[in-house]
Amino acid sequence: MEHIISHFQLQGAPIRCERYGNGHINETYLLETDAPHAYILQKVNRQVFPDVPNLMRNIQLVTSYLWQQTPDPRRVLTLVPTTDGQAYMVDPDGEFWRVYEFVTDSLCLDRPENERDLQQSGLAFGTFQNQLASFPAHTLKEIIPHFHDTPVRYEQLKDAIRMDRAGRVKEAKAEIEAYMAFEKYAGFLMNLLKQGELPLRVTHNDTKLNNVLLDAATRTPLCVIDLDTVMPGLAANDFGDSIRFGAATAREDEQDLSKVGMSLQLFEAYARGFLSACGTRLTPLEKETLPMGAMLMTLECGSRFLADYFNGDVYFHNARPGQNLCRARTHIKMAQDMESKLGQMQKIIESIV
């Protein structure tokens, strides 16, 4: 590890380096020096992100742009350069390493403890949209092709059903039928994009509350983190993924489906934060598509859980047998609840606008 650390421009000499956080993708360490100064050291997962150079290029472009608007080290994720001025280094084994400034006096929540926490998350991601609204999204690379392309995700589910690699399709006939009943919605956003009616935006693509750093004292947002999936995309998808995660009334693997649904109260809390921070940046049609974005992101994620279950649980980590099927069930139940509440969600958006 000393060899890796020596390649970065750090303040002071390293005195401690320990595993940090609960992330499952990258290998993350808290690195401290005698300056004193703290950093986040990460090894990027090449299996999940095979094109690390372009991933890092995206992060450099976006963070540099944000720095021009907010030159505050606590409010922009800041890369520490290597000794030769690069954004990352490659070790002898071909692994990619990077270092970020540690954001002091901050906290990260895995779940909202109240409505205000979710509203603050909305403020963070709305600010992210606002600050990057004029950034040329098309100049970013698509790190994971078709990541939030719901029709493609449905085709991947159909492929998983046809292949039935783990021999499990017979156990999930009801779930397959439920997801296919929603396929009629799959192309809604992508068709509007193709028709030129929705603009391409810089999107985060993993807008969970735990990707927002909050000030430890005020619990107000500092900055958005985990920028590995920053790509061109749609505002409704970023909004929708936040609702899927934050406005759910139960855990994503809840086995009692009677507890599963979407809270309109939490939906409104997030929407108020998000839209107030976006200001006038979103078009009227973008605002209209936000409720549909919530349902589509829920369907999309659920279809991925179901496909992975049929493929033998090769992508998502499972803590117990059948967890992916359980996740797929909660997501279709939540999508069904969202479908019944689309009108109410639309009225909430209109009242905020």
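The values are calculated or read from the model by the stated rules, or taken from the named source; none is laboratory data. Predicted model, so just to flag it, every value in this text is computed and none were measured. Cβ sites come from the backbone with ideal geometry, for glycine too, and all protein chains shown count toward neighbours. We work out accessible area using only protein heavy atoms, side chains counted, and drop any ligands, DNA or RNA first. Shrake-Rupley method; radii C 1.70, N 1.55, O 1.52, S 1.80 Å.
Ligands, DNA and RNA left out, the accessible area of the chain computed with a 1.4 Å probe is 49% carbon and sulfur. Taking all protein chains as they are arranged and a probe of 1.4 Å, the heavy atoms of residue 333 leave approximately 60 Å² accessible to solvent. Global size of the stretch 171-324: 16.6, 50 Å for Rg and Dmax (C-alpha atoms, Rg to one decimal, Dmax whole).
Taking all Cα pairs closer than 8 Å and separated by 6 or more residues, the relative contact order of the chain comes to 19 percent.
Between 214, 157, 139, the Cα set farthest toward the positive side of the dipole of the stretch 71-214 (charges on each charged residue's Cβ, about the Cα centre) is that of 157. Of the GluC sites (Glu not before Pro) found in the stretch 231-275, none is in coil by DSSP with at most 15 other Cβ atoms within 10 Å of its Cβ.
Counting only protein heavy atoms and a 1.4 Å probe, the chain has 45 square angstrom of accessible area per residue. Karplus-based coupling profile of the stretch 254-271, in residue order and whole Hz: 4, 8, 8, 5, 5, 8, 8, x, 10, 7, 5, 5, 6, 4, 5, 4, 5, 4, with θ = phi - 60° in 6.51 cos²θ - 1.76 cosθ + 1.60 and x standing for Gly or Pro. Each Lys and Arg adds +1 at its Cβ and each Asp and Glu adds -1 at its Cβ; summed about the Cα centre, the chain shows a dipole of about 700 debye. Which loop GluC sites (Glu not before Pro) in the stretch 53-159, with loop taken from DSSP, have no more than 12 other Cβ atoms within 10 angstrom of their Cβ? Loop-located and lightly packed - 113. Summary of the geometry: the stretch 286-312 and the stretch 238-266, compared by the centres of their Cα atoms, lie 12 Å apart.
Length gained on full extension, residue 177 to residue 70, computed as 0.36 nm times the residue gap minus the Cα-Cα distance: 33.7 nm. The calculated FRET efficiency for the pair residue 2 and residue 138, based on their C-beta separation and a Förster distance of 41 Å, comes to about 0.50. Backbone amide hydrogens, once placed in the peptide plane, bring residue 222 within less than 5 Å of 213, 214, 215, excluding anything fewer than 5 places away on its chain.
Just going by the charge dipole of the chain, with Lys and Arg at +1 and Asp and Glu at -1 on Cβ, which of 264, 85, 33 is farthest out on the positive end? Sorting the options by dipole projection puts first 264. Charged neighbours of residue 236, selected by a Cβ distance under 14 Å, balance to -3 (K, R count +1; D, E count -1). Extension gain for the segment residue 162 to residue 346, taken as residue separation times 0.36 nm less the Cα-Cα distance, is 62.6 nm to one decimal.
Legend: residues 330, 104, sorted from most to least accessible area (1.4 Å probe; ligands, DNA and RNA excluded), read 104, 330.
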